[in-house]
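K.L.:
Quick one: this structure, given as structure tokens, is what I'll be asking you about.
The values are calculated or read from the model by the stated rules, or taken from the named source; none is laboratory data. What you see is a predicted model; the values in this text were computed from it and never measured. Note: ideal-geometry Cβ built from the backbone for every residue, glycine included; neighbour counts use all protein chains shown. Accessible surface is based on the protein model in full, side chains and every heavy atom, while ligands, DNA and RNA are left aside. Shrake-Rupley method; radii C 1.70, N 1.55, O 1.52, S 1.80 Å.
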Amino acid sequence: MALSQVQCLDDNHINLRTNESKPEFFYSEEQRLALETLIHDGQDAYEDYIQTNNIRSFLSDLELESILNTVEVYSPGSPDYNAELLGDSDGEEISLQYWPDRSDRSIPLLDIGWPDRASYRGVTRVQVYTQPPYEGQSHIKEVVRKMISQAQKVIAIVMDLFTDIDIFKDLLDASYKRKVSVYIMLETTGVKHFVRMCEKAGMHTGHLKNMRVRSIRGAEFFSRSSKRVCGSQSQKFMFIDGDKAVSGSYSFTWSASRLDRNLITVLTGQAVDTFDSLFQDMYVMSNGVCLSKINLSSEPKPEFLPQAGPTLLPSATTALKLINPKYTLVSNCAFTTNGPVSDLTRAKNSTSKNLTEVIKQIKDTPVVPPVHPGLEDDQVINDVATHDHRDTKPDTNQNGWNGTQASNCDSSISSLS
């Protein structure tokens with residue numbers, strides 16, 4: 001109902017006189033009566049009524065044809081109306097009894113999750129993309145698909161026509177693999193085209209767990225002759241994670257992304273609060289779309305990947321053994337235990353022989369004491385330093401001198417003379 005109609009219900013309100021030349025002009029009783037004549041009597045009676053009452057022709061030929069083709073009888077109790085109204089519910093008959101505190105049908109809920117409404121969503125930022133791309137910008141379809149792939153909580157889409165299978169595949173992956181809540185709201189006349197696309201997408205029953213599809217129509221005009229005219233749902237936007245939104249003329253079709261000229265606006269911040277409220281209001285007025293009737297394959301069983309166990313850190317004793325040099329000989333000479341017994345015995349014998357030879361070489365190697373740099377050119381000191389000191393057996397005489405010390409002194413005296 002228009003604001004002017006609501007204001008007419010107020011006894012204290014005085015309607016200001018307005019006409020078509022003023023911007024606030026919206027509701028016209030003359031236009032309403034002309035539309036009543038069109039719906040009830042046809043186009044010829046409509047033209048005669050306009051000429052007789054000197055009314056400006058407000059409907060184009062295209063609008064006249066569209067209205068005449070969409071006129072339908074309003075009968076809430078009929079089975080056809082119930083099927084359209086209730087969608088995929090159990091088909092219970094609705095009551096025509098007026099009771100303001102009750103509803104004939106349950107209110108649809110956002111049952112698979114919806115982000116909490118924050119008091120402040122941040123500074124509003126706007127970015128515009130066009131098709132064809134303008135000045136090296138990304139393609140509008142690429143922008144939409146990237147936003148879908150980055151979604152973490154919820155994706156809410158309102159669209160007039162949705163037949164792009166690439167975008168739909170991205171939504172299936174987001175809902176099934178990443179557990180993102182996906183809501184799709186379509187114009188009623190485009191539901192059949194959407195269902196055909198679903199049949200070609202290779203869906204299974206698991207894809208319906210985190211996805212809800214509903215339909216909605218435009219505003220309705222009810223005549224006094226129990227007929228109605230419904231408009232179309234032309235809004236196109238996508239609401240993501242409670243902080244991002246995309247809106248524009250772009251429909252999710254192949255032609256819209258390749259042939260048609262379109263424009264989208266990406267918004268972040270406080271401006272997306274309007275899209276949040278709008279989608280929730282439209283969801284309450286929408287009708288359910290049943291996707292379980294299409295040919296769906298069974299959900300594949302999840303593949304359980306083997307998980308690696310926790311890595312056990314070596315104890316302190318084992319760590320010391322790993323860095324101690326005396327264990328390197330044992331690790332270098334380690335042998336396997338998969339061969340025959342004769343090979344193991346031969347390997348043990350060869351290992352013991354090698355260890356014996358190494359130990360013997362270490363014992364037979366002479367230990368040369370270090371020489372001061374200032375005495376490197378002294379031949380006497382070099383001779384003393386390079387003398388064999390391996391004979392450590394004492395040879396003590398009567399004066400307390402051993403044989404080694406005496407021989408060293410004799411050799412030093414002879415070299416000086």
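K.L.:
Name the single residue, out of those in region 121-149 being in contact (Cβ under 8 Å) with a residue 40 or more places away in the chain and within 23 Å of HIS207 (Cα to Cα), that is surrounded by the most Cβ atoms within 10 Å (Cβ to Cβ).
P.N.:
Among those that are in contact (Cβ under 8 Å) with a residue 40 or more places away in the chain and within 23 Å of HIS207 (Cα to Cα), it is VAL144.
K.L.:
Mind listing whichever residues of region 174-195 are free of Cβ contacts under 8 Å to residues at least 12 places away in the same chain and in a helix (DSSP H, G or I)?
P.N.:
LYS192
K.L.:
Hey, another quick one. Checking GLY190 against (1) small (Gly, Ala, Ser); (2) crowded, with 19+ Cβ neighbours inside 10 Å; (3) touching a helix residue (DSSP H, G or I) at 6+ places or on another chain (Cβ under 8 Å), which single condition isn't satisfied?
P.N.:
(3)
K.L.:
While we're on this one: Could you say which residue among LEU96, LEU68, LEU62 is modelled with pLDDT of 90 or more, touching a Gly at 6+ places or on another chain (Cβ under 9 Å) and open to solvent by 50 Å² or more (accessible area, probe 1.4 Å)?
P.N.:
LEU68
K.L.:
Quick one: LEU312 ticks every box in (1) at pLDDT 95 or above; (2) out of contact with any Lys or Arg (no Cβ under 9 Å at 6 or more places or on another chain) except a single one, so which number is it?
P.N.:
Of everything listed in (1) at pLDDT 95 or above; (2) out of contact with any Lys or Arg (no Cβ under 9 Å at 6 or more places or on another chain), LEU312 misses just condition (1).
Each row is one residue, and each column tells you yes or no for (1) under 21 Å from the mean Cα position of the chain (by Cα); (2) under 25 Å from ARG217 (Cα atoms).
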position: TYR129; (1), (2): no, no
position: GLN137; (1), (2): no, no
position: GLU142; (1), (2): yes, no
position: ARG145; (1), (2): yes, no
position: ILE155; (1), (2): yes, yes
position: PHE162; (1), (2): yes, yes
position: ILE167; (1), (2): yes, yes
position: ASP170; (1), (2): yes, no
position: LYS177; (1), (2): yes, no
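One line per residue, one yes/no per condition, for (1) at pLDDT 95 or above; (2) of a type in the set (Val, Ile, Thr); (3) closer than 30 Å to GLU36 by Cβ; (4) touching a strand residue (DSSP E or B) at 6+ places or on another chain (Cβ under 8 Å):
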position	(1), (2), (3), (4)
TYR183	yes, no, no, yes
THR189	no, yes, yes, no
GLU199	no, no, no, no
GLY206	no, no, no, no
PHE221	no, no, yes, yes
ILE240	yes, yes, no, yes
SER257	no, no, no, yes
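K.L.:
Among the residues of region 253-273, is there at least one that is at positive phi and open to solvent by 10 Å² or more (accessible area, probe 1.4 Å)?
P.N.:
The answer is no; no qualifying residue exists.
K.L.:
Which condition number in (1) open to solvent by 20 Å² or more (accessible area, probe 1.4 Å); (2) modelled with pLDDT of 90 or more; (3) of a type in the set (Phe, Trp, Tyr) is the one that PHE279 fails?
P.N.:
Failing condition for PHE279: (1).
K.L.:
Would you call ALA118 surrounded by 11 or more Cβ atoms within 10 Å (Cβ to Cβ), assigned by the TED database to the domain that holds VAL246 and of a type in the set (A, V, I, L, M, F, W, C)?
P.N.:
no
K.L.:
Let me ask something else about it. Going through region 253-297 one residue at a time, which ones are assigned to a helix (DSSP H, G or I) and in contact with a helix residue (DSSP H, G or I) (Cβ under 6 Å, 6 or more places away or on another chain)?
P.N.:
SER257
K.L.:
Among ILE148, ILE157, which is part of a helix (DSSP H, G or I) and modelled with pLDDT of 95 or more?
P.N.:
ILE148
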